[in-house]
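Heads up, the thing below is written out as structure tokens.
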Amino acid sequence: MKTKRNEGRDEPILDPDLPIVDSHFHLFDLPGNRYMLEEYLEDAQGGHNVVASIYCETKSFARTDGPEHLRPLGEVEFANGMAAMAATGRYGPCKVAAGIIGHADLSLGSKVGELLDRCMQAAPDRYRGIRQVTLDYPDERPFQFIMTNRPPPGLLETAGFPLGLAELQARGLSYDAAAYDTALPRLTELVDQFPDLTVVLNHIGNFVGVDMSPHERSEAFARLSTDLKVFAERPNVFCKVGGLGMPVPGFGFEKREDVVGYAELAEAWRPHVELAIEAFGPRRCMIESNFPPDSRSAGFIPTLNAYKHILSGLSEDEKRDVFGRNAARVYRLDLDGL
């Protein structure tokens, strides 16, 4: 994967004292694509005041043997180990992976309960829920950029999926929803069945805008705006603000050879970020770096600077919610100074 994560490190830090809980990052070690604890700490502690972060699954470090439905336990054990290392303070103040979102195949229905219980036992202080990537789209445009595992189609429509969500709700665990924007109506139908389940929408709904004409993008964004506002009417749903550095939204920064600074990112991303704040309000939005996938467009410092710049008009209390306190509330983190 071509990355720009080392770019923009000399850019001045906006609002440098603002505490940040990075609500979404990944670690993996793939051929030619390594991003582990050392790399994340280099980014997170490079200038912004990232006090903690939420690990989100990519099915990396899953077990390679044993019952198939229990293999995601390996990634939770791995993330908990990284968190324990960071918690010693030997590597800096950032509490990496203070919350852990693992993988589970919800299409298995009630069978998934065994995995959830094992994960809760393996990381009782950090395990907070699951994400199952359910990316589905009528054509192949967005799938050319999939970094790891392309999911099978139709997962949200399987009979087992709501039964799996019921297992999460019964245990007080959360569901991170990763689907393309066209799936928002179906997600809304599912959320209505589980009013007590905490649902966190990834990447402002994963807008697909790549390879579209200006008119097509405008129509697609209008549809996103409508569907997102309907989805946000449910009080148990929250929104991760980020993911805009991936190629799928179609901004094209990953094609640039020059260094992209925060001002240019902010200009392009503003409509999406402001839509999220309008739909969910400052009490239900949380900033995510989505590193390293978002590093295809810009470095860590310009990426978070862009969100700070876009949201500079919020009150100080609202900024603290969006950049830190909301993630801490949703993922039940015991953190001081937020």
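The values are calculated or read from the model by the stated rules, or taken from the named source; none is laboratory data. On a predicted model such as this, the values are computed, not experimentally measured, just so you know. Ideal geometry is used to build each Cβ from the backbone, glycine not excepted, and the neighbour counts take in all protein chains shown.
Which residues, counting only those in the range 326-338, are part of a helix (DSSP H, G or I) and either β-branched (Val, Ile, Thr) or touching a residue at least 60 places away in the same chain (Cβ under 8 Å) (or both)? Asn326, Ala327, Ala328, Val330 - these are the residues of the range 326-338 that are part of a helix (DSSP H, G or I) and either β-branched (Val, Ile, Thr) or touching a residue at least 60 places away in the same chain (Cβ under 8 Å) (or both). Screening Ser23 on (1) outside any helix (DSSP H, G or I); (2) out of contact with any strand residue (DSSP E or B) (no Cβ under 8 Å at 6 or more places or on another chain) shows it passes everything except condition (2).
The residues of the range 26-47 that are surrounded by 14 or more Cβ atoms within 10 Å (Cβ to Cβ) and outside any loop (DSSP other than H, G, I, E, B), listed by number, are Phe28, Tyr35, Leu37, Glu39, Tyr40, Leu41, Glu42, Asp43, Ala44.
Return the residues of the range 198-228 that are in a helix (DSSP H, G or I) and of a type in the set (A, V, I, L, M); say none if nothing qualifies. Ile204, Ala220, Ala222, Leu224, Leu228, listed by residue number.
Beta carbons closer than 6 Å, at least 6 apart along the sequence or on distinct chains, pair a first residue in the range 256-269 that is among the β-branched types (Val, Ile, Thr) with a second that is modelled with pLDDT of 95 or more for Val259/Glu7; Val259/Gly8; Val260/Phe253; Val260/Ala298. Residue count for the range 270-281 satisfying the condition of being without any contact (Cβ under 8 Å) to a residue 60 or more places away in the chain and either buried (at least 22 other Cβ atoms within 10 Å of the Cβ) or of a type in the set (A, V, I, L, M) (or both): 3. Taken as a whole, the condition of being part of a loop (DSSP other than H, G, I, E, B) and buried (at least 22 other Cβ atoms within 10 Å of the Cβ) does not apply to Ser312. Hey, can you tell me all the residues within the range 268-309 that are under 14 Å from the mean Cα position of the chain (by Cα), in a loop (DSSP other than H, G, I, E, B) and closer than 18 Å to Glu254 by Cα? Passing the criteria: Ser289, Asn290, Pro292.
Listed here are the residues, each with its yes/no results for (1) of a type in the set (S, T, N, Q); (2) under 26 Å from Glu288 (Cα atoms); (3) touching a Gly at 6+ places or on another chain (Cβ under 6 Å).
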| position | (1), (2), (3) |
| --- | --- |
| Met120 | no, yes, no |
| Arg131 | no, yes, no |
| Val191 | no, yes, no |
| Phe194 | no, yes, no |
| Leu201 | no, yes, no |
| Ser213 | yes, no, no |
| Ser218 | yes, yes, no |
